[in-house]
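Have a look at the structure below, then the notes.
What follows is calculated from the coordinates using simple rules that are stated; it is not laboratory data. Since this is a predicted model, take the numbers as computed values, not measurements. Using ideal geometry, Cβ is built from the backbone for each residue, glycine included, and neighbour counts are taken over all protein chains shown.
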Amino acid sequence: MAFVRAIVLGYERYGKDPSQALAQAQIAPRELARPQARVTAAQFETLSGHAMQELDDEALGWFRRRLPWGTYGMLCRASLSAPNLGVAIKRWCRHHRLLTEDIGLELTVADGLATVTIREHVALGALREFCLVSNLRFLHGYASWVIDSRVSLRSARFPFEAPPHHDAYPLMFGGELHFGAEAASYSFDERYLALPLRRDEQTLRTMLRRALPLTVLQYRRDRLLGQRVRELLRAQGRQAATAESLAVLLNVSARTLHRQLQEEGLSLQQLKDAVRHEQAAEQLRRTERPIKNIALGVGFRNEKSFSRAFRTWSGMTPGAFRRTGATGQKEGLSRGENL
């Protein structure tokens, strides 16, 4: 309800009556005064869409100049021809400066993470929280839509203390949440930036008829999910051994994890087997550890079940693989010495 009150405040700034917008969204005015009141995503979409058109300001009063109806659609079109998501986000940030100087958006990449940050150039006043949250969600929603994949966030940061309604933030962002930060931002795996855009002008026109669901509902599909699960299985070991433990690390439910992997044509068992095979093969090639210890180390109860699984993966027993690998390494060293 805090964000509904922010929209009502936008009406006040323009000296207009919000009652028609509230009625269309089926929000009773008396609910505005209830601190713990909630609205559905559909109600918020209806209210926001009506307000943006009635006020002819898609910024809903955040900035010193209005952003007329269709402005964010123009931002989407300006990025649509980009070769990948990284270029699309950079274009969005650059073109946003042409709309307003009150805030600036920037994309930075470091240590495997891409970060979108909002810099505040003027005091945003009572609409500050709604403005910053909305602009982060606008770009996040568009980025997810344009590559047809959820951009799973590692973290999100906000330059204000946790509000009374902070329990709504995990629904909007996901990942680790930090309040009292220097600036509003979120970070995600930089590999999303290389993903190609999968939308065209026709699908954009369809999306813009109901663009707001992208900002109030999380996009489901994650095209990097398989890679992220593999990394967690490698790095976390037994702490990521079950669907439930992996789901906690990924900030999704176990059911959602299974469903999204299935959408990628994968299964959790396939990924576990692939990581086990990779780790076992590496140890067989590079160490002299007993095969029984390797079996236990990669999650098998005994050497017999490990040998059976390894034969299925590679077509040979662990012992035969070790002998073949050792021979190959010696031959490679000999060729290197001859060179």
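By the helix-only formula, in which each DSSP H run with n ≥ 4 contributes -39500 (n - 2.57) and the sum is divided by residues, the chain has a 222 nm mean residue ellipticity of -16500 deg cm²/dmol. Highest mean first, the peptides 252-261, 35-44 sorted by other C-beta atoms within 10 Å per residue fall in the order 252-261, 35-44. With Cα atoms defining each centre, the range 224-278 and the range 84-156 are spaced 28 Å apart in the structure. Assuming charge only on the beta carbon of Lys and Arg (+1) and of Asp and Glu (-1), the dipole of the range 68-216 about its Cα centre is about 640 debye to the nearest 20. Put a dot 7 Å past the Cα of Glu201, heading toward its Cβ, do the same for Asn302, and the two dots end up 6.8 nm apart. The packing ranking of peptides 186-197, 297-308, highest mean first, is 186-197, 297-308, where packing means the average number of other beta carbon atoms within 10 angstrom of each residue.
Straight-line reach from Lys16: taking Cα to Cα under 14 Å and skipping same-chain neighbours fewer than 8 places apart, the aspartates and glutamates in range are Glu54, Asp56, Asp57.
The stretch between Arg230 and Glu182 holds 14.0 nm of extra length on full extension. This uses 0.36 nm per residue minus the Cα-Cα distance. Ranked by the mean number of other Cβ atoms within 10 Å of their residues, highest first, the peptides 234-240, 136-142 come out as 136-142, 234-240. Basic side chains Lys and Arg get +1 at the Cβ, acidic Asp and Glu get -1 at the Cβ, and with that the dipole of the chain about its Cα centre reaches some 1300 debye. Rounded to the nearest 20 debye, the dipole magnitude of the range 224-266 is 100 debye, with +1 charges on Lys and Arg beta carbons, -1 on Asp and Glu beta carbons, and the Cα centre as origin.
Straight Cα distances below 14 angstrom link Lys90 to the aspartates and glutamates Glu106, Glu190, with same-chain residues fewer than 8 positions distant left out.
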